[in-house]
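S.K.: Quick one: structure below, then a few questions.
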Amino acid sequence: MATLLPPPKRVKVYHGVPEPEPEVPKPSPNIVVQFVSEDDGKPLAPVVNLPSNVSREGLEALVNKLSAQVSLLAFEIEIAFRHLRCQDDEPVPFSFHISLPADATSPGAPTRIVISKSIEADVLSHPTQAFTEEDVFVVHCSPQSVFRVRPATRCSSTLSGECH
């Protein structure tokens, strides 16, 4: 018996026009990034090499992951001096910006570039052209919210109330 092949799939048609071919993403250059704290300028993580089109959310996840590793290493070093602190597993949201060099700014113009999409979209394509792909990008990070609301847990058997 001969095996019959299924018929070819129908081509989707959108209002009489065939579906456009998917765009091939253009390659993005790799850049070197140093994440530092906005408050004191201390490094939050080691210098990393990453694609310039990493989104802000990706940068946030990377900083949370790398700073957790750095804090664990620091904890192992200082274990004799400090007590174990309670660390939440929830990621901290960050805002990111890069300071413009002094020679690239004019009086009254902004002195920093806020990263809202990606470093490639916000910094490398900035009109000042102050940065190139070969530069080391010092990204200043500041936590957006440090307060968390924790759910209240109640156990009715242990609450004091009317006793009969």
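S.K.: It is to be established whether one or more residues within the range 48-69 are modelled with pLDDT under 75 and of a type in the set (S, T, N, Q).
M.R.: yes
S.K.: Out of A2, A45, report the one residue that is of a type in the set (A, V, I, L, M, F, W, C), touching a strand residue (DSSP E or B) at 6+ places or on another chain (Cβ under 7 Å) and without any contact (Cβ under 8 Å) to a residue 60 or more places away in the chain.
M.R.: Result of the check over A2, A45: A45.
S.K.: Taking into account only those residues within the range 112-164 that are within 30 Å of L100 (Cβ to Cβ) and of a type in the set (K, R), which is modelled with the highest pLDDT?
M.R.: Of everything passing the filter in the range 112-164, K117 is modelled with the highest pLDDT.
S.K.: Moving to a separate point now. Exactly one condition in (1) at pLDDT 85 or above; (2) over 15 Å from S52 (Cα atoms); (3) touching a helix residue (DSSP H, G or I) at 6+ places or on another chain (Cβ under 9 Å); (4) not β-branched (V, I, T) is false for P91; which is it?
M.R.: (1)
The values are calculated or read from the model by the stated rules, or taken from the named source; none is laboratory data. Every value quoted in this text rests on a predicted model; they were computed, and no experiment measured them. Glycine gets a Cβ as well: all are built from the backbone with ideal geometry, and neighbour counts include every protein chain shown.
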